[in-house]
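Colleague: Pasting in a structure now, in structure tokens, and then I'll have a few things to ask.
The values are calculated or read from the model by the stated rules, or taken from the named source; none is laboratory data. Please read these numbers as outputs of a predicted model, since none were measured by experiment. Positions of Cβ are backbone-derived with ideal geometry, glycine not excepted, and every protein chain shown enters the neighbour counts.
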Amino acid sequence: MKISVQKIALIGIFTALSLIIFMVEAQFPVMPIGGMKLGLANIVTMTAMLFIGRKEAGLVLLLRIILAAGLYGTVVSFAFSLTGGILAYLAMCIAVSRVGENQLWVTSVFGGFFHNIGQLCAAAVISGTWAVFSLLPYLIISGILTGTLNGLILQRLWKSPLRKYSIKR
């Protein structure tokens, strides 16, 4: 796969930006249900999806997960981030091609929902019990709320003058 210097630079910029946002968000107080957070770094992943393409956004996500785990995390947090991130990414790839520009926020809602499903699956495997799925109703609500917030921010970014810099082909 041949990749342009411009895309490599943008992948680096998006990765750095998402890592910075992730690190800032890690300083916020922990939510009532363990691991629940706003997921603001996902705004960068979705923006990368729109501006430079799905594959490149997947690379941004993967690099952020690896770097964040190396700087802040543990093997367990890496497993949670990776499973949640992969499921969210796949859901967003499907959703972004099916929603219109005025409903981009829906893509983020799907991402938030499936991220939580992925993390519960990782928790079930690590803990050896399916009891973790008792958190599902709370995480569905949180995924919808945070997904909507992040999606509305994404939608605003996409409709801004920055859109003219999109190089996605």
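Colleague: Of Thr146, Thr129, which residue is within 21 Å of Asn42 (Cα to Cα) and not small (Gly, Ala, Ser)?
Modeller: Numbers: Thr129 fails: within 21 Å of Asn42 (Cα to Cα).
Matching residue, one of Thr146, Thr129: Thr146.
Colleague: Here's a follow-up. Filter the range 117-139 down to the residues that are within 22 Å of Ile94 (Cα to Cα) and out of contact with any Ser or Thr (no Cβ under 7 Å at 6 or more places or on another chain), then identify the one that is modelled with the lowest pLDDT.
Modeller: Here the residue is Leu139.
Colleague: OK, next. When you look at Ala41, is it in contact (Cβ under 8 Å) with a residue 12 or more places away in the chain, within 18 Å of Met23 (Cβ to Cβ) and of a type in the set (Gly, Ala, Ser), yes or no?
Modeller: Details: in contact (Cβ under 8 Å) with a residue 12 or more places away in the chain: yes; within 18 Å of Met23 (Cβ to Cβ): yes; of a type in the set (Gly, Ala, Ser): yes.
Here the answer is yes, as Ala41 does meet what is asked.
Colleague: May I pose another question? Could you please find all residues in the range 125-161 being without any contact (Cβ under 8 Å) to a residue 24 or more places away in the chain and of a type in the set (D, E, K, R)?
Modeller: Result: Arg156, single match.
Colleague: Name every residue in the range 102-153 that is among the polar types (S, T, N, Q), over 21 Å from Ile86 (Cβ atoms) and in a helix (DSSP H, G or I), in order of residue number.
Modeller: Here is the first cut: in the range 102-153, the residues among the polar types (S, T, N, Q) are 102-103, 107-108, 116, 119, 127, 129, 134, 142, 146, 148, 150.
Within this subset, residues satisfying the condition of being over 21 Å from Ile86 (Cβ atoms) are 102-103, 129, 134, 148.
Matches in the range 102-153: Asn102, Gln103, Ser134, Thr148.
Colleague: Which condition does Val99 not pass, out of (1) part of a helix (DSSP H, G or I); (2) without any contact (Cβ under 8 Å) to a residue 60 or more places away in the chain; (3) surrounded by 14 or more Cβ atoms within 10 Å (Cβ to Cβ), if it passes all the others?
Modeller: Single failed check for Val99: (1).
Colleague: Taking the range 67-85 on its own, how many of its residues are free of Cβ contacts under 8 Å to residues at least 12 places away in the same chain and more than 26 Å from Leu136 (Cα to Cα)?
Modeller: Initial filter on the range 67-85 (free of Cβ contacts under 8 Å to residues at least 12 places away in the same chain): 70, 73-75, 77.
Right, trim to more than 26 Å from Leu136 (Cα to Cα) and you get 70.
Within the range 67-85, residues that are free of Cβ contacts under 8 Å to residues at least 12 places away in the same chain and more than 26 Å from Leu136 (Cα to Cα) number 1.
Colleague: Can you tell me which of (1) without any contact (Cβ under 8 Å) to a residue 60 or more places away in the chain; (2) within 25 Å of Val106 (Cα to Cα); (3) surrounded by fewer than 17 Cβ atoms within 10 Å (Cβ to Cβ) is the one Ala57 doesn't meet?
Modeller: (3)
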